[in-house]
Amino acid sequence: MSEIHEVVIIGSGPAGYTAALYAARAQLKPLLFGSSIFVGGSLTTTTEVENFPGFPEGVDGPVLMDNMRAQAEKFGAEMIDDDIVSVDLTGDIKLLTDAEGAVHRARTVIIATGSGYRKLGLPGENELSGRGVSWCATCDGFFFRGRDIVVVGGGDTAIEEATFLTRFAKSVTVVHRRSTLRASKVMQDRAFTDDKIPFAFDSEIAEIQETNGMLSGVVLRDAFTGATRDLDITRLFIAIGHDPRTELFTGQLDLDAEGHIEVAAPSTRTSLPGVFAAGDVVDHTYRQAITAAGTGAAAALDAERYLSARG
Ligand code: FAD
């Protein structure tokens, strides 16, 4: 039988690495599974991060994540760049199976699997992430100063973010594939009366254009006529939703209507004893690296207290 770990962490973003740092410093020898193809989480897909405290000049996303990892490893956290493909979290000892079929046993599990932004699925979209294409207005709004921007989407997030972006941008065109918005009435009223927000209804992005590795424009297509037109913009914000990575836990943990893991806030306790969750897999409100890191720290402290209470 394999060794029983005190703490196993699933996920290598700011939540997972911070949980690993705290658990390692508490002498719990955490084992972290950080994905086979996407080590370091969402911030590895961006360039400059300007709002993570402690970096007055900003910090490159992948560098920040490498540093978080190194800091946790320095205190003894063990990292395995592999996926957990199935779990049984119901017993006293939790069972986690990795992609090679090895089964790992743990007294506590911290879930920090994050969430994925929905994409348009267009060529160039991923490559231009952080180079004109963005999914997070709070993160990147400041880089949008004085620009003509397109926001794609018609829900609350899209309209809230479009309104927020008018603080920085010259204009914010909202592109929505239907003729009405899904956003709440109050949000819509605010946007409709904002001179900086023109709307392109019944329209979708047909093409993302690139010049010298940067976004240089988009092609809009009319959903009814198929007619296309070029929009000369250098910033595109995609706000069509996100999906928490919780498929593994469906049927075992309580999830909310959108699939986020439910926790007994302000703790990180899930519906099963010994299982804790942190970061964007829980959070549908703030969704920032610093808040993910903060709840990662809380999850490690919660796991530590759970283990000491059991003696
Ligand atoms: P994530 O960072 O998403 O990490 C989760 C990790 O877990 C991933 O690596 C995933 O592959 C892994 N994983 C999932 N399932 C499994 C499994 N079964 N087995 C093993 N591993 C698994 N926030 C800011 O504060 N400032 C910014 O400037 C900023 N810019 C951003 C730019 C972009 C392009 C994006 C996409 C996001 C940005 N954010 C920014 C948001 C920030 O990245 C997220 O809020 C934060 O990374 C969430 O951290 P997390 O640890 O919860 O999850």
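The values are calculated or read from the model by the stated rules, or taken from the named source; none is laboratory data. This is a predicted model, so every value here is computed, not measured. Note that we place each Cβ from the backbone using ideal geometry, even for glycine, and neighbour counts take in every protein chain shown.
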Conditions first: (1) of a type outside the set (Val, Ile, Thr); (2) in contact (Cβ under 8 Å) with a residue 60 or more places away in the chain; (3) outside any strand (DSSP E or B). ARG69 passes all but one, so which condition is the exception? (2)
Quick check: anything in region 134-145 in contact with a strand residue (DSSP E or B) (Cβ under 6 Å, 6 or more places away or on another chain), of a type in the set (Val, Ile, Thr) and on the phi < 0 side of the Ramachandran plot? no
Are there any pairs with C-beta distances below 7 angstrom linking a residue in region 284-301 that is of a type in the set (A, V, I, L, M, F, W, C) to a residue that is in a loop (DSSP other than H, G, I, E, B) and within 8 Å of the ligand (Cβ to nearest atom), with the two at least 6 apart or on different chains, and if so which? ALA289/PHE52; ILE290/PHE52; ALA292/GLY13; ALA292/ALA278; ALA298/ALA278; ALA299/ALA278
Just need a number here: residues in region 294-311 that are buried (at least 23 other Cβ atoms within 10 Å of the Cβ) and within 12 Å of the ligand (Cβ to nearest atom). 3
List every residue pair whose Cβ atoms lie under 7 Å apart, where the two residues are 6 or more positions apart in sequence or sit on different chains, the first residue falls within region 221-248 and is over 30 Å from SER12 (Cα atoms) and in contact (Cβ under 8 Å) with a residue 40 or more places away in the chain, and the second residue, located anywhere, is charged (D, E, K, R) and away from the ligand (no atom under 11 Å from the Cβ). ALA223/ARG177; ALA223/ASP202; ALA223/GLU204; ILE233/ASP148; THR234/ARG147
Subset of region 14-49 [in contact (Cβ under 8 Å) with a residue 60 or more places away in the chain and in a strand (DSSP E or B)]: LEU31, PHE33, GLU48, VAL49
Quick one: in region 160-207, which of the residues that are surrounded by 15 or more Cβ atoms within 10 Å (Cβ to Cβ) and among the small types (Gly, Ala, Ser) is nearest to ASP230 (Cα to Cα)? ALA206
Among residues belonging to region 217-245 that are among the hydroxyl-bearing types (Ser, Thr, Tyr) and more than 19 Å from THR46 (Cβ to Cβ), point out the one that is surrounded by the most Cβ atoms within 10 Å (Cβ to Cβ). THR228
What's the total number of residues in region 274-288 that are at pLDDT 95 or above and on the phi > 0 side of the Ramachandran plot? 2
Give the residues of region 81-119 that are within 12 Å of the ligand (Cβ to nearest atom), charged (D, E, K, R) and not in a strand (DSSP E or B), sorted by residue number. ASP81, ASP82, ASP83, ARG118, LYS119
So GLY141 passes all but one of these: (1) within 16 Å of the ligand (Cβ to nearest atom); (2) surrounded by fewer than 17 Cβ atoms within 10 Å (Cβ to Cβ); (3) within 23 Å of THR285 (Cβ to Cβ). Which condition number does it fail? (2)
Looking at (1) exposed (fewer than 15 other Cβ atoms within 10 Å of the Cβ); (2) under 20 Å from LEU128 (Cβ atoms), can you tell me which one GLU210 breaks? (1)
Looking at region 1-16, which of its residues are farther than 16 Å from ILE84 by Cα and within 11 Å of the ligand (Cβ to nearest atom)? PRO14, ALA15
Would you confirm whether any residue within region 21-37 is closer than 25 Å to GLN288 by Cα, near the ligand (Cβ under 10 Å from one of its atoms) and surrounded by fewer than 22 Cβ atoms within 10 Å (Cβ to Cβ)? yes
